[in-house]
Amino acid sequence: MEGIRNTLRTTTAVIGHVLRSRRFWLANPQLTWMLVFLLSVLCIQPGRSQAQPLLPLPKPLQQLKTMSDNTPAIYQTDPNMTYDAWIYPDAPNALRALRDGRHIDTVKAEFLHINDDGTVEQINQSEDTPNGYSPANVAVMEQHSRQQYITVSGTMPGTAEAMHNSGRTIKTMVDLANKAGFGIELDWEDFGQWTPEYYANFKTFLRDLKTTLHENGHSLMIDGPPIYDQNSQNWYQWKYEELAPLVDHIVMMAYDNQYDAGAGSSIAPRDWFRSCLTWLHAKAGDKAVAGVASYGYSANRQTNRISVLESDTVTRKLRTLLGSLLATRNSDGELTYENADTFYDYSDKQTMDTRLRIVQESGITRLSVWSLGNNPWF
């Protein structure tokens with residue numbers, strides 16, 4: 001037995017010398033861990049319940065994280081950041097994502113839609129809209145977030161008519177807000193089509209809606225377009241500095257660049273995204289919320305036809321098409337692949353972390369992710 005132990009001590013010394021070589025463990029991390037495990041087994045002495053290591057682990061190895069270091073906290077969060085997430089009525093697996101352990105401060109669920117005739121339609125839970133309004137869905141959202149909003153969608157013709165009947169429109173919104181205990185978020189887009197008259201009516205509508213919501217203990221949030229310099233500001237009636245005082249929070253949807261730049265371009269180019277957030281922070285201050293994309297898209301380069309998809313859907317398409325993932329990461333942190341005339345772009349956790357860092361650097365402390373359901377998180 002003593003001879004075996006002397007042999008082990010000699011072997012240990014040799015292995016120890018190798019392990020202390022920085023070049024070795026950097027080049028062979030898996031082998032290094034195997035050697036460490038072998039030593040831990042060999043060094044258990046009879047009659048003792050715990051291993052007695054014959055040499056210390058190389059210091060850099062002691063600092064390496066293993067999978068167990070990230071358990072059970074799968075998702076990393078910045079305690080100084082507020083995390084919002086949109087949930088759309090038919091988004092697959094959105095409620096599952098809400099329950100999976102990621103940190104979400106605010107859920108924004110599309111329970112209302114403005115029809116083209118100006119009427120407000122309630123989107124209830126159904127087979128086609130599993131994330132629509134229901135007491136059960138409200139309970140799940142309240143359980144897994146600190147604050148909740150009802151997103152109200154609509155195109156310009158319908159919302160223009162809704163504002164002409166503002167009393168009825170506001171009552172319908174506030175009634176459901178009271179029933180659910182949620183605030184209201186307006187996602188009224190077609191920003192490039194807004195006229196001066198529409199914009200003036202919108203500001204009046206916001207004042208009245210905010211007053212009524214506050215009287216009932218609720219908050220108001222609105223969503224706006226990406227603006228990154230004076231030239232892009234000239235495209236829109238929308239002005240963040242004018243609208244911020246009329247609401248509690250104001251979101252810039254800093255994504256969808258592919259619709260302006262064309263198929264093959266990034267959803268949120270790094271420098272463009274940074275410029276958008278700089279503009280937003282300067283104009284809206286502490287009411288600013290950075291809209292962050294987590295989705296993907298496919299596009300035909302010949303027709304410039306773009307289809308927005310969940311990032312997981314894009315990865316499944318590529319696996320089916322290629323048998324494996326061969327996408328490359330571009331300079332904006334997005335994953336891309338081109339097959340014939342079709343271009344694919346999607347996000348993963350690394351993409352999201354890159355965008356999070358840009359938000360943090362901008363000084364904005366709240367972000368909103370589009371959207372939950374088969375998309376990555378931080």
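The values are calculated or read from the model by the stated rules, or taken from the named source; none is laboratory data. These numbers were taken from a predicted model, which means no experiment stands behind them. When we count neighbours, we look across all protein chains shown, and the Cβ atoms used for this are built from the backbone with ideal geometry, even at glycine.
Rundown of residues vs (1) in a helix (DSSP H, G or I); (2) modelled with pLDDT of 95 or more; (3) in contact with a Leu (Cβ under 8 Å, 6 or more places away or on another chain), yes/no style:
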| residue | (1), (2), (3) |
| --- | --- |
| V140 | yes, yes, yes |
| S145 | no, yes, yes |
| Q148 | no, yes, no |
| E161 | yes, yes, no |
| T169 | yes, yes, no |
| K179 | yes, yes, no |
| I184 | no, yes, yes |
| A200 | yes, yes, no |
Checklist entry - Does R366 satisfy being of a type in the set (K, R) and more than 28 Å from V107 (Cβ to Cβ)? => result no
Checklist outcome for this item: Per the list (1) closer than 20 Å to Y228 by Cβ; (2) of a type outside the set (D, E, K, R); (3) in contact with a Phe, Trp or Tyr (Cβ under 9 Å, 6 or more places away or on another chain), residue check on M352 breaks on (1)
Checklist outcome for this item: Expected output for region 146-164 (first residue at positive phi, partner crowded, with 17+ Cβ neighbours inside 10 Å and assigned to a helix (DSSP H, G or I), Cβ below 9 Å, 6+ apart or cross-chain) is G154/A162
Checklist entry - When both residues are 6+ apart or on different chains and their Cβ atoms are under 9 Å apart, which pairs have a first residue that lies in region 237-253 and is free of Cβ contacts under 8 Å to residues at least 12 places away in the same chain and in the same structural domain as I222 (by TED's automatic domain parsing), and a second that is of a type outside the set (D, E) and surrounded by 18 or more Cβ atoms within 10 Å (Cβ to Cβ)? => result P245/K287
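A quick yes/no check of all residues on (1) among the small types (G, A, S); (2) surrounded by fewer than 20 Cβ atoms within 10 Å (Cβ to Cβ); (3) within 28 Å of the chain's Cα centre (by Cα); (4) not assigned by TED's automatic domain parsing to the domain that holds Y133:
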{"residue": "V174", "(1), (2), (3), (4)": "no, yes, yes, no"}
{"residue": "N178", "(1), (2), (3), (4)": "no, yes, yes, no"}
{"residue": "G183", "(1), (2), (3), (4)": "yes, no, yes, no"}
{"residue": "E189", "(1), (2), (3), (4)": "no, yes, yes, no"}
{"residue": "E197", "(1), (2), (3), (4)": "no, yes, no, no"}
{"residue": "R207", "(1), (2), (3), (4)": "no, yes, no, no"}
{"residue": "T211", "(1), (2), (3), (4)": "no, yes, no, no"}
{"residue": "G217", "(1), (2), (3), (4)": "yes, yes, yes, no"}
{"residue": "G224", "(1), (2), (3), (4)": "yes, no, yes, no"}
Checklist entry - What are the residues in region 288-319 that are assigned to a helix (DSSP H, G or I) and more than 19 Å from the chain's Cα centre (by Cα), if any? => result R316, K317, L318, R319
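Yes/no matrix, rows are residues, columns are (1) modelled with pLDDT of 95 or more; (2) surrounded by 15 or more Cβ atoms within 10 Å (Cβ to Cβ); (3) farther than 18 Å from S311 by Cα:
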| residue | (1), (2), (3) |
| --- | --- |
| A327 | no, yes, no |
| G333 | yes, yes, no |
| T336 | yes, yes, no |
| Y344 | yes, yes, no |
| R355 | yes, yes, no |
| S362 | yes, yes, yes |
| V369 | yes, yes, no |
| L372 | yes, yes, no |
| W377 | yes, yes, no |
Checklist entry - Does any residue in region 125-141 that is in the same structural domain as E110 (by TED's automatic domain parsing) come within less than 8 Å, Cβ to Cβ, of a residue that is modelled with pLDDT of 95 or more and among the basic types (K, R) six or more places away or on a different chain, and which pairs are these? => result V140/R99
Next on the checklist: Of the conditions (1) over 13 Å from V289 (Cβ atoms); (2) among the polar types (S, T, N, Q); (3) in contact (Cβ under 8 Å) with a residue 40 or more places away in the chain, T211 satisfies every one except a single condition; which number is it?
Outcome noted: (3)
Checklist entry - Is it the case that region 215-222 has a residue that's part of a loop (DSSP other than H, G, I, E, B), closer than 28 Å to D345 by Cβ and of a type in the set (S, T, Y)? => result no
Checklist outcome for this item: Among residues of region 249-287 being surrounded by 20 or more Cβ atoms within 10 Å (Cβ to Cβ) and of a type in the set (V, I, T), the residue farthest from L356 (Cα to Cα) is I250
Checklist entry - If you go through region 281-294 one residue at a time, do you hit one that is assigned by TED's automatic domain parsing to the domain that holds M221, among the acidic types (D, E) and at negative phi? => result yes
Item to check | Selection status of L321, surrounded by fewer than 18 Cβ atoms within 10 Å (Cβ to Cβ), outside the structural domain of E110 (by TED's automatic domain parsing) and touching a residue at least 12 places away in the same chain (Cβ under 8 Å) | outcome: yes
